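The values are calculated or read from the model by the stated rules, or taken from the named source; none is laboratory data. Keep in mind it's a predicted model, so treat the numbers as computed, not measured. Protein only, heavy atoms only, side chains kept; ligands, DNA and RNA dropped before computing areas. Shrake-Rupley method; radii C 1.70, N 1.55, O 1.52, S 1.80 Å.
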Amino acid sequence: MKNKAFDRAVDDVSEVFMFDNWMRFYFIFEEGKKLIVKVPQDVVDQIEKDFPTMHGLVELFNNEEIDQQKSTQNVCAFIGARFDGTKYSDKIVPKVFDSKEFKIETYLFNLWIKGHESYLETEVMGFADWKELYAGWKEQDEVKDYISRLKNAGSGAAIQPPTCTTIQ
């Protein structure tokens, strides 16, 4: 049985990864042969108001060239600085990354993005909207059943994703 601090750490670390995905989904632009993160000031201001913890992550990325390696390094450094040994014991965050709970959560979030990509591309949505839509999707019976099967599955089990088509 995991403790409440561990569960909160899974939620916090997962939220950082979700935020990073959201930011890269809407705010990466190609300039020449470089990819640059450009978050408009009004969006930065809204993030600072609604998600003050994530404001520091925007500051790491904004107006900077980005690639997969730099993104991973920045996200891990951000998580380490904000949570590892500060908000949580220095033993918790490393366990989060190796946990089934975190792996399932990141898998589900990526599955949600893939399944809703065309809808998410229709307009630039706020991170709060993404969180609300994702939470709603996870509350659908088909998805709840899928999550339950993932949590109960043994290593290497092949489980088909949910087939629900309702946009949340």
- Query: Averaged per residue, what accessible surface does region 4-152 expose to a 1.4 Å probe, in Å²?
  - Reply: 56
- Query: What number, in percent, do you get for the relative contact order of region 4-152 if the mean sequence gap of Cα pairs under 8 Å and at least 6 apart is divided by its residue count?
  - Reply: 25
- Query: Within straight cross-link reach of Lys114, meaning Cα distance under 17 Å, which aspartates and glutamates are found once same-chain residues fewer than 8 apart are removed?
  - Reply: Asp20, Glu105, Glu123, Asp129, Glu132, Glu142
- Message: With a 1.4 Å probe and all protein chains left in place, how much of the accessible area of the chain comes from carbon and sulfur atoms, in whole percent?
- Response: 49
- Would you mind checking Lys4/Lys151; Lys49/Lys70; Lys70/Lys138; Lys103/Lys151 for any pair whose Cα atoms are more than 20 angstrom apart? Lys49/Lys70; Lys70/Lys138
